[in-house]
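Below is one structure, written out as C-alpha cells, with a few remarks after it.
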Amino acid sequence: MRRLTLLAALAIVLPPLGAQRTAPERTDAARTSTHAEVLAFLDSLVARGAGIRVGTLGTSPQGRSIPYVVAARPMVSGPAEAKRSGKPVVYIQANIHAGEVEGKEALLQVLRELTVGDLRSLLDSVIVLAVPIYNADGNEAFGPATRNRPGQNGPDVVGLRPNGQGFDLNRDYIKQDAPETRASLAFITAWDPDAWMDLHTTNGSYHGYALTWSPGLNPNRTPANAWVQDTVLEQVRARLRREGVATYPYGNFMDQTPDSLAKGWITYESGPRFGSNLMGMSRLSILSEAYSNDPFATRIASTRAFVVATLRWLAEHPAEVRAHVAATIAARPDSVLVRSAFAPPRQDTVIAEISLAAGQGSGGFARRQRTGEFRPVVMPVIDRFVGTRAEAIPTAYVLEAQWSDVVELLRRQGVVVERLGAAWTGPVAAFRLDSVNVGRQFEGHRLVSVAGSWGEARPDSLPAGTFLIPTDQRLGMVAAFVLEPASEDGYTTWNYFDRALRPRAMHPVRRLDRLPDVPRHLVP
C-alpha cells in the first residue's frame, strides 16, 4: 500500500512569520527546542502583538518554569469570562514524555498560526489553553536518542521520559507525587476546560498510520467521552483522510511478525493514573500518538494536522460540545465501575507495515527492519473496556480527620469536600477487608489491592471535624472511583490507606446513604 503523501509536503514548513521560528524550523528538523527556546518563542509571539497571555503553571522539581498560554480573541480575563463566552475551552499539553518531542513543536506552530497566522479565525469560535513543555526537566535531560528514545526516527538528541524526580508523569494523575501534576490539576480545576488533549509519540508497532488516537478508556463512559469516541474522533479521522492523513484508534499489534499480524490490535490500560483516562471521566478527552517510525518533520506535521482538525471540528460544533459537557456535569450515575477488562473485540481492517526481524532489542517493542510494504489485514481490534465490578455510589463518603492527606488529593482533583461542624449519629456503612495484597514496586509505590465487601449500614457516631465527600457534585463519580476500597486504580492502590489495611479490619472509607443534619463547612 502506498503511504499517503500529504504529510511529506506539510513537512516542508512554509517560512514562519518574523522571528517566530521553532528549533526544527531553523535546523531542517535536526533538533528539538530547549526549555529556553520555548520561552523565547512564546516571548516573541507576545512581542509581535499576538494577543496571547503567557503564565506559569508551576515550577518543576529542578526549578524550571512550566509555561502555559491562553489564546483567545478577544482575550478573556480568566475562567469565568471564558465560560461566559460560550466558546469551547480546549486544553492541550505536550512533552509530558520529554523524549516524545513533536507535540511540543507542533503546539508552538499551532499557537503561532492561531495568533499571528492563517488560523486566527479559529479563535472567534474556540479558546485554547496550551502547555507546550509540560515536563521541563525531562526536556533538558538531553542525550542520544539511541539511549533516551530508542526506536524513534529522529531527532538525534532528545530528553528523557521521566520528570526530574524520576516519575512517569502520565502515571501520576491519581497519586499526584509530582509538582507538575499538582499544578496542572489546579489549573484544570480552575479553568474546567470542555476538552483536554495530550500529545505523544507511539512505541513499537510498525503500522500504516501517521497518527493514532484514543479517547479516555475508563469504562465509566460519560456522555462527553462516549461522544468523543463514537463521533468526534471518527469525524476528525474522516476529515484528515480527505486531507491525505491516515489515522486510526491507538494500539499495537499483538504480534508484529508478518505471519502473525492477524492475531489482533490492542489498546493500552483503562486506569485514570493516565491523564486521558482521568479526564475522560469528566470532559472530552483525546490522546494523540504520532507514528514514531516517521521522520521527525513528518511527525510534527501529522500532530499539527490532528490538533488543527480537532480544533476546527470543536469550533464548528460549539452547541454540541456544550450539550455533551453539560450532560456529563449533570449525570449522577447510581454505580461506578471500579474494575475493568478488555471488551470483546470487533473485526476491522488495520494497515500494517511488513517488517523483518533485525536482531535489535527484545520484547514487543524490539526494533525491526522496515520494508516499506504496507498491507491491510483483517483482525480483531480491542479498543474498549468493560467493567467487571460495580459498586453503588452512596450519598456521601466519610473519612476521619486523620486522613487529611487523602482530602488534599481529592481537593487537587477538584472534588468538593466538607467537614462536619458538629457531631452526628446515624447509619454508616463500612467495608470489611478479607485480604490485602501488596504488589510490585511501581513509580515509587507498592501497588495494593484488597478483597472485601460492604456491610449493612449500622448506627455510628461521627465526631465534629469528620470529612464528608458528597457525591452529588461535578466530580462525584471520580470521587467514588478513587475512594472505593476495591478500585483498581484508587487511593487504596497507591498506599494512601496502608497504615489501616489488615485482614478482617474495616477500611477507613465509609458510606452514608443520607447527609448528616448538622452544620457542614467546605474544605478550602
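The values are calculated or read from the model by the stated rules, or taken from the named source; none is laboratory data. None of these values were measured; they are calculated from a predicted model. Note that we place each Cβ from the backbone using ideal geometry, even for glycine, and neighbour counts take in every protein chain shown.
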Report task. Quick one: count up the residues across the stretch 388-412 that are crowded, with 19+ Cβ neighbours inside 10 Å, farther than 15 Å from Y496 by Cα and of a type outside the set (A, V, I, L, M). Result -> 3
Report task. Considering each of L123, L57 in turn, give the residue that is in contact (Cβ under 8 Å) with a residue 24 or more places away in the chain, assigned by TED's automatic domain parsing to the domain that holds Q165 and not in a strand (DSSP E or B). Result -> L123
Requested in this report: Answer with yes or no whether E81 is assigned to a helix (DSSP H, G or I), surrounded by fewer than 20 Cβ atoms within 10 Å (Cβ to Cβ), modelled with pLDDT of 95 or more and outside the structural domain of S276 (by TED's automatic domain parsing).
Outcome: yes
Report task. Evaluate the following for A9: is it modelled with pLDDT under 95, surrounded by fewer than 17 Cβ atoms within 10 Å (Cβ to Cβ), outside any loop (DSSP other than H, G, I, E, B) and not charged (D, E, K, R)? Result -> yes
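So that you can scan it fast, the table gives a plain yes or no per residue for (1) crowded, with 23+ Cβ neighbours inside 10 Å; (2) not aromatic (F, W, Y):
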| residue | (1), (2) |
| --- | --- |
| Y268 | no, no |
| G271 | no, yes |
| F274 | yes, no |
| L278 | yes, yes |
| L284 | yes, yes |
| S288 | yes, yes |
| N293 | no, yes |
| T303 | yes, yes |
| A309 | no, yes |
**Report entry** Of all residues in the stretch 479-524 being β-branched (V, I, T) and within 17 Å of D405 (Cα to Cα), the one that is nearest to the chain's Cα centre (by Cα)
**Finding:** V482
Report summary line: When every residue in the stretch 175-194 that is crowded, with 24+ Cβ neighbours inside 10 Å and under 12 Å from the mean Cα position of the chain (by Cα) is compared, the one nearest to G271 (Cα to Cα) is T181
**Report entry** Filter pass, A262 being buried (at least 22 other Cβ atoms within 10 Å of the Cβ), in contact (Cβ under 8 Å) with a residue 40 or more places away in the chain, touching a strand residue (DSSP E or B) at 6+ places or on another chain (Cβ under 8 Å) and not polar (S, T, N, Q)
**Finding:** no
Query raised in the report: Just to be sure, is L240 within 20 Å of the chain's Cα centre (by Cα) and either in a strand (DSSP E or B) or at pLDDT 95 or above (or both)?
Result: no
Query raised in the report: Just to be sure, is R147 among the charged types (D, E, K, R), surrounded by fewer than 21 Cβ atoms within 10 Å (Cβ to Cβ) and part of a strand (DSSP E or B)?
Result: no
**Report entry** Selection from the stretch 317-365 of residues that are modelled with pLDDT under 95, at negative phi and not in a strand (DSSP E or B)
**Finding:** S362, G364, F365
Query raised in the report: Before we move on, is G164 of a type outside the set (A, V, I, L, M), surrounded by fewer than 20 Cβ atoms within 10 Å (Cβ to Cβ) and in a loop (DSSP other than H, G, I, E, B)?
Result: no
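Here's the yes/no breakdown for (1) over 20 Å from T22 (Cβ atoms); (2) out of contact with any helix residue (DSSP H, G or I) (no Cβ under 6 Å at 6 or more places or on another chain); (3) of a type in the set (K, R):
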site	(1), (2), (3)
N139	no, no, no
R147	yes, yes, yes
V158	no, no, no
L169	yes, no, no
D172	yes, no, no
D177	yes, yes, no
M197	no, yes, no
**Report entry** Close pairs from the stretch 95-119: first assigned by TED's automatic domain parsing to the domain that holds A30 and assigned to a helix (DSSP H, G or I), partner modelled with pLDDT under 95 and of a type in the set (D, E, K, R), Cβ under 6 Å, at least 6 apart
**Finding:** V116/R48
